[in-house]
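A.B. asks: Starting off with a structure, shown below.
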Amino acid sequence: MKRYGEVLVVMGNASNVDESSDGTKAESRRARSTPLHRSAHVPLQKRALRTKEHIIDTAKSLFLKQGYMATTIDDIAVAANVSRASFYTYFSSRREILILAGHEARHDSLELMEQVRHLKLDDLPKEFEGWISRYFTFLSKHGGYLLTWQQAALQDSEFRVLGMRGSKRATNILAESFRLLGSRHSHADLVIRSLAIRAMLDRFWYHWRITKTPLKQKAVLENFAHMVVNMILGDDVVAAPATSARRKKISTE
C-alpha cells in the first residue's frame with residue numbers, strides 16, 4: 001500500500017489475475033485496487049450511495065468545466081445541492097474524488113490493452129478495426145476525465161507520478177500483447193511504438209470527436225488499423241529506410 005497525499009491507494013497486480021473467465025476475476029482485480037477514501041468501508045444505504053455518486057459526477061463535471069485547481073469543495077457542494085458537512089461524510093478532499101473517479105477509467109484502459117493479445121491473426125487489420133473502435137468508445141466515456149487529470153498533473157507532482165505509472169503499465173501491457181501477436185521488434189521498440197499508438201489515438205479522438213473534424217468512421221478505422229499493423233509487424237510489410245549510401249545512389253540515378 002502506498003500513501004499519496006490524503007489518499008491511501010491499494011495497488012493491485014494485474015499479472016496475478018487470470019482474466020480468461022467470464023470477467024469475475026477482472027472484477028476482483030478492480031475491487032482489490034479501489035482507492036480508499038473516507039466512506040470506502042462505511043455501509044451505505046441506497047440513498048446514501050446515490051448521494052455519493054451524485055457528488056462524484058458533479059465534481060467531474062465541474063473539474064472539466066472550470067478545471068481541477070479552480071474547483072473548490074464549496075463549489076462541489078453547492079452544485080450537488082449538499083452541505084459541506086455532507087461532502088465530508090463521503091470524502092476528505094477533492095483529491096480523493098479525482099483519484100476515485102479515475103479508478104474505472106484506469107482499469108478499463110488496462111483491460112482494453114489486454115484484449116489485443118486475443119485478436120485473431122487470420123484477418124488482423126479487421127480485428128484491429130474492432131479494437132480501435134472500442135478504444136474510441138473508451139475515450140468517449142472517459143476522455144473528459146483524462147483531460148481533467150492532465151490539467152491537474154501540470155500543478156500536482158503526485159498526480160504526475162500516478163499518471164506516469166498508469167501510462168507505463170498500460171503501454172507495457174500493449175507492447176507485450178503486440179509481441180504475442182508475432183511482432184519481431186525488440187521490447188524497447190515495442191514500448192516506443194505502443195506509446196506512440198496510444199498517443200496518436202488519444203490526440204486523433206480529440207480532433208475528431210471534440211473539435212468535430214468531419215471524417216467518416218469507416219475510413220478512420222481502416223486507416224488506423226493498417227497503420228497499427230504496419231507499426232507492429234513493420235519490417236515484414238514496410239520497406240526499411242534506405243541507408244545513406246543507397247539514398248546517395250538513388251539521388252544520382
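A.B. asks: Could you grab me the full set of residues in the stretch 193-227 that are surrounded by 11 or more Cβ atoms within 10 Å (Cβ to Cβ) and among the hydroxyl-bearing types (Ser, Thr, Tyr)?
C.D. replies: Those that are surrounded by 11 or more Cβ atoms within 10 Å (Cβ to Cβ) and among the hydroxyl-bearing types (Ser, Thr, Tyr): SER194, TYR206, THR213.
A.B. asks: Which members of the stretch 99-139 meet the condition of being more than 18 Å from THR171 (Cα to Cα) and modelled with pLDDT of 90 or more?
C.D. replies: Correct list: LYS120, LEU121, ASP122, ASP123, LEU124, PRO125, LYS126, GLU127, GLU129, GLY130, SER133, THR137.
A.B. asks: Of all residues in the stretch 120-179 being under 14 Å from the mean Cα position of the chain (by Cα) and among the β-branched types (Val, Ile, Thr), which is nearest to ASP57 (Cα to Cα)?
C.D. replies: Looking at the filtered set, the residue picked out is THR148.
A.B. asks: Suppose we keep only residues that are among the polar types (S, T, N, Q) and not in a helix (DSSP H, G or I) within the stretch 86-113. Which one would you say is nearest to SER167 (Cα to Cα)?
C.D. replies: Once the filter is applied, the top-ranked residue is SER93.
A.B. asks: Moving on. Among the candidates VAL82, VAL116, single out the residue that is touching a residue at least 12 places away in the same chain (Cβ under 8 Å) and assigned to a loop (DSSP other than H, G, I, E, B).
C.D. replies: Exactly one of VAL82, VAL116 is touching a residue at least 12 places away in the same chain (Cβ under 8 Å) and assigned to a loop (DSSP other than H, G, I, E, B), namely VAL82.
A.B. asks: Does ALA188 count as aliphatic (A, V, I, L, M), over 18 Å from the mean Cα position of the chain (by Cα) and assigned to a helix (DSSP H, G or I)?
C.D. replies: yes
A.B. asks: Can I ask one more? Before we move on, is PHE91 farther than 18 Å from GLN151 by Cα and touching a Lys or Arg at 6+ places or on another chain (Cβ under 6 Å)?
C.D. replies: yes
A.B. asks: With LEU121, LEU44 as the choices, which residue is more than 15 Å from THR148 (Cα to Cα), surrounded by fewer than 16 Cβ atoms within 10 Å (Cβ to Cβ) and in contact (Cβ under 8 Å) with a residue 60 or more places away in the chain?
C.D. replies: Exactly one of LEU121, LEU44 is more than 15 Å from THR148 (Cα to Cα), surrounded by fewer than 16 Cβ atoms within 10 Å (Cβ to Cβ) and in contact (Cβ under 8 Å) with a residue 60 or more places away in the chain, namely LEU121.
A.B. asks: I've got another one for you. Which numbered condition in (1) surrounded by fewer than 17 Cβ atoms within 10 Å (Cβ to Cβ); (2) of a type in the set (A, V, I, L, M, F, W, C); (3) touching a residue at least 40 places away in the same chain (Cβ under 8 Å); (4) closer than 20 Å to HIS103 by Cα is the only one that MET164 fails?
C.D. replies: (3)
A.B. asks: I'd like the full set of residues that are part of a helix (DSSP H, G or I), polar (S, T, N, Q) and surrounded by fewer than 19 Cβ atoms within 10 Å (Cβ to Cβ), limited to the stretch 124-156.
C.D. replies: If the condition is that a residue be part of a helix (DSSP H, G or I), polar (S, T, N, Q) and surrounded by fewer than 19 Cβ atoms within 10 Å (Cβ to Cβ), then SER133, THR137, SER140, GLN150, GLN151 are the ones that fit.
The values are calculated or read from the model by the stated rules, or taken from the named source; none is laboratory data. Just so it is clear, the structure is predicted and the values come from calculations on it, not from any experiment. Methodologically, a virtual Cβ is constructed for each residue, glycine included, from the backbone with ideal geometry; neighbour enumeration extends over all protein chains shown.
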